[in-house]
Amino acid sequence: QVQLVESGGGLVQPGGSLRLSCACSGEIFGIPTMAWYRQAPGKERELVAVIDGRGSTNYVDFVKGRFTISRGSAKGPLYLQMNSLKPEDTAVYFCNLYRTPYWGQGTQVTVSS
C-alpha cells in the first residue's frame, strides 16, 4: 500500500504563488514517476505535471513557465511550485503515483481577489 498526503493549498490573489507538498509513504520502490493532477468544479480531473525517476519533467501547456514539479528525495516529498497564479488555476490538486490507483485526498487551491 502507498499513502499520499497533499498540503499547502489555500486562497491566493491572482499573480500570487503557492507551494504544494505531497508526503509519500508505504511500499514505494525505486524512484517512481509521480504526477500532479487537478480537478476544477464541474470538470474532469486533468494532468498538470509529471516527474520521472531521472528527474525529467513534463508540463501541460497551460502551466508551462509558471509551475515547477520537483521531489525532495527518491520517495518524496513531491512538490509543485505554482507562480503567477490565475483564477482558472482554481481547483483541487492531487498527487498521484503515476498510472496507479494511488491518490492523495487533494488540497484546495483558490485564486481570487
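The table that follows gives values for the structure above.
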{"item": "Test result for Gln105, in a loop (DSSP other than H, G, I, E, B), of a type outside the set (Phe, Trp, Tyr), under 14 Å from the mean Cα position of the chain (by Cα) and surrounded by fewer than 20 Cβ atoms within 10 Å (Cβ to Cβ)", "result": "yes"}
{"item": "Matching residues in segment 10-32 - criterion: being over 30 Å from Val111 (Cα atoms) and out of contact with any Gly (no Cβ under 6 Å at 6 or more places or on another chain)", "result": "Gly26, Glu27, Ile28, Phe29, Gly30, Pro32"}
{"item": "Of all residues in segment 6-22 being open to solvent by 40 Å² or more (accessible area, probe 1.4 Å) and under 11 Å from the mean Cα position of the chain (by Cα), the one that is farthest from Leu80 (Cα to Cα)", "result": "Ser7"}
{"item": "Candidates Glu27, Glu46, filtered to the one that is of a type in the set (Asp, Glu) and modelled with pLDDT of 95 or more", "result": "Glu46"}
{"item": "Matching strands (runs of 3 or more DSSP E) fully within segment 44-102 where at least 2 residues are surrounded by 17 or more Cβ atoms within 10 Å (Cβ to Cβ)", "result": "46-51, 67-71, 78-82, 91-97"}
{"item": "Complete set of residues in segment 8-33 that are in a strand (DSSP E or B) and farther than 22 Å from Gly55 by Cα", "result": "Gly10, Leu11, Val12"}
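The values are calculated or read from the model by the stated rules, or taken from the named source; none is laboratory data. Everything numeric here is computed off the predicted structure, so don't read it as measured data. FYI the Cβ positions are ideal-geometry reconstructions off the backbone, even for glycines, and counts take in every protein chain you see. We work out accessible area using only protein heavy atoms, side chains counted, and drop any ligands, DNA or RNA first. Shrake-Rupley method; radii C 1.70, N 1.55, O 1.52, S 1.80 Å.
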